[in-house]
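Participant: Handing you a structure now.
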Amino acid sequence: MLKRYVSFFAIVVALGVAVSAQTPSSPSTDWPQWRGPERNGISKETGLLKQWPAGGPPRLWRVSNLGAGYGSLAIKGERIFLQMQVGRQSVVASLNRSTGQIVWSKPLGNSGNNDRGNGPRGTPTIDGDRLYALSESGDLACLQAADGATVWQRNILRDFKGSNIQWLISESPLVDGDHVIVSPGGRDATMVALDKMTGKTIWTSTGLSDEAGYASAIAGDVSGVRTYMTFTAEAGVGVRASDGKPMWKYTKAANRTANIATPVFVNGKVFFTSAYDTGGALLNLSAQGGEVKATESYFTRNMKNHHGGVVLVNGYLYGFSDNILTALQFDTGRVAWRDRSVGKGSVTYADGNLYILGEGNVVGLVEATPEGYREKGHFEIPDSGLPAWAYPVVSGGRLYIRNQNTLTAYDVRAR
């Protein structure tokens, strides 16, 4: 059935307008994982439009009937990688970057259905010639990026005795060195490290038995101690990368409903934020004797981020606090400005501007400055019938917007 679907898709894929003759493929413009090259929502591209024309930037192509899913996308070379639901299967697919047409697709296992939308929530991670993807049902696979051939696969819920969470697994795997990091949420296995080449277990976070949250892990060095940080169902946590030892746990920024936003780490400091009338906190991290400790720098109720994440640009955090786009000074928590903008949504940064996608189907461009809210354009996208929750991606002079079964590429290069 899947093969028939792919063949049919290749026939019916619709191109919005003629595609660009030049396909961006420089490694410096790749977006190989969740939230980009450094997992922080930041693109280092330049030469992009500073103001959008009325109606938004030119559309290069649009593909429909991808399949359900909230995940964003990864890009490397001439390929786009994303996850989706096809029939009753949770699927990973590779698309041609020039046209959006499917090159290959691979089912990982049974898909998940949910009252907040069906299908996968995660984004694939590209590492060299391999792809790592985690389905909404716990199927973790390592595939060959070129053709989707399986290298290894296991189910992290079954193998580590975890239980799926209310709105389904939403994590995007972290690849760090020889490790693949995921969060099964089992007893003594809130976080686990697997060998990226074989899938074998390297360690589990013995002593930490939190249920998984909806966030994805990040890595950082704290005075020479490599640390993995994530948001569980109970707290922001840090474990030692070498052996999985839990080193600190901070509960104040967590809520008991859904902790979603990926933490932001820089210069020995990490910021956690969640919604549901909670807030955010900056933690100072310090290392001694091979362990990292966390102390609260400040807690604020002025950044209650639900699902869209925050980015750190020139000393300021930008993200939606509930429904209001907010600029917050990173070191102090002082609010620089607030604006209702496109309503609650997600945020990505590139070349001086915030690319924002409101869950009500409005895409915006806003200057990233603490001086005030300065909008540089906006446009509407078709309503999928569910909130627009997939994060925008800026790569190779293009803006990619996924909204459930539709993926659209826009030309945002300055002329």
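Just so it is clear, none of the values below were taken in a lab; they were calculated from the coordinates. In this text the structure is predicted, and so the values were computed from the model without any measurement. Using ideal geometry, Cβ is built from the backbone for each residue, glycine included, and neighbour counts are taken over all protein chains shown.
Participant: So which of TYR410, TYR355, TYR400 is within 25 Å of ALA281 (Cα to Cα) and aromatic (Phe, Trp, Tyr)?
Facilitator: TYR355
Participant: Filter region 41-56 for residues that are in contact with a strand residue (DSSP E or B) (Cβ under 6 Å, 6 or more places away or on another chain) and farther than 24 Å from ASN314 by Cβ and give the result.
Facilitator: GLY55, GLY56, listed by residue number.
Participant: Then there is this: Applying the selection to region 207-225, what residues are more than 18 Å from LEU134 (Cβ to Cβ) and in contact (Cβ under 8 Å) with a residue 40 or more places away in the chain?
Facilitator: LEU208, GLY220, VAL222, SER223, GLY224, VAL225 - these are the residues of region 207-225 that are more than 18 Å from LEU134 (Cβ to Cβ) and in contact (Cβ under 8 Å) with a residue 40 or more places away in the chain.
The rows are residues; the columns are (1) crowded, with 17+ Cβ neighbours inside 10 Å; (2) in contact with a helix residue (DSSP H, G or I) (Cβ under 7 Å, 6 or more places away or on another chain); (3) within 29 Å of ARG240 (Cα to Cα).
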residue: LYS304; (1), (2), (3): yes, no, yes
residue: PHE320; (1), (2), (3): yes, no, no
residue: LEU325; (1), (2), (3): yes, no, no
residue: ASP331; (1), (2), (3): no, no, yes
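Participant: Of the residues that make up region 69-78, is at least one closer than 16 Å to VAL393 by Cα, in contact (Cβ under 8 Å) with a residue 12 or more places away in the chain, over 18 Å from the mean Cα position of the chain (by Cα) and surrounded by fewer than 24 Cβ atoms within 10 Å (Cβ to Cβ)?
Facilitator: Scanning region 69-78 turns up at least one residue that is closer than 16 Å to VAL393 by Cα, in contact (Cβ under 8 Å) with a residue 12 or more places away in the chain, over 18 Å from the mean Cα position of the chain (by Cα) and surrounded by fewer than 24 Cβ atoms within 10 Å (Cβ to Cβ).
Participant: Of all the residues that make up region 387-415, how many are at negative phi and either in contact with a helix residue (DSSP H, G or I) (Cβ under 8 Å, 6 or more places away or on another chain) or assigned to a loop (DSSP other than H, G, I, E, B) (or both)? Quick ask: steps written out before the conclusion?
Facilitator: Filtering region 387-415 for residues at negative phi gives 387-395, 398-403, 405-415.
If we keep only those that are either in contact with a helix residue (DSSP H, G or I) (Cβ under 8 Å, 6 or more places away or on another chain) or assigned to a loop (DSSP other than H, G, I, E, B) (or both) as well, we get 387-392, 395, 405, 412, 414-415.
The total comes to 11.
Participant: Still on this structure: Please determine whether any residue of region 357-379 is of a type in the set (A, V, I, L, M), surrounded by fewer than 20 Cβ atoms within 10 Å (Cβ to Cβ) and free of Cβ contacts under 8 Å to residues at least 24 places away in the same chain.
Facilitator: Scanning region 357-379 turns up at least one residue that is of a type in the set (A, V, I, L, M), surrounded by fewer than 20 Cβ atoms within 10 Å (Cβ to Cβ) and free of Cβ contacts under 8 Å to residues at least 24 places away in the same chain.
Participant: Across region 126-148, what is the number of residues that are under 18 Å from the mean Cα position of the chain (by Cα), more than 15 Å from ILE75 (Cβ to Cβ) and among the aliphatic types (A, V, I, L, M)?
Facilitator: 3
Participant: A further question on this structure: So ASN113 fits all but one of (1) under 18 Å from the mean Cα position of the chain (by Cα); (2) farther than 22 Å from VAL412 by Cβ; (3) part of a loop (DSSP other than H, G, I, E, B); what number is the exception?
Facilitator: For ASN113, the failing item is (1).
Participant: Next question, about the same structure. Checking ALA219 against (1) within 22 Å of the chain's Cα centre (by Cα); (2) assigned to a loop (DSSP other than H, G, I, E, B), only one condition comes out false. Which one?
Facilitator: Going through the list (1) within 22 Å of the chain's Cα centre (by Cα); (2) assigned to a loop (DSSP other than H, G, I, E, B), ALA219 breaks only (2).
Participant: For region 233-264, name all the residues that are in contact (Cβ under 8 Å) with a residue 60 or more places away in the chain and farther than 17 Å from SER205 by Cβ.
Facilitator: ALA258, ILE260, THR262, VAL264
Participant: Further question on the same structure: Checking GLY122 against (1) crowded, with 19+ Cβ neighbours inside 10 Å; (2) part of a strand (DSSP E or B): exactly one of these is not met. Which one?
Facilitator: The failed condition is (2).
Participant: Pick from GLY207, GLY244, GLY213, GLY238: which is within 20 Å of the chain's Cα centre (by Cα) and part of a loop (DSSP other than H, G, I, E, B)?
Facilitator: Only one candidate qualifies: GLY213.
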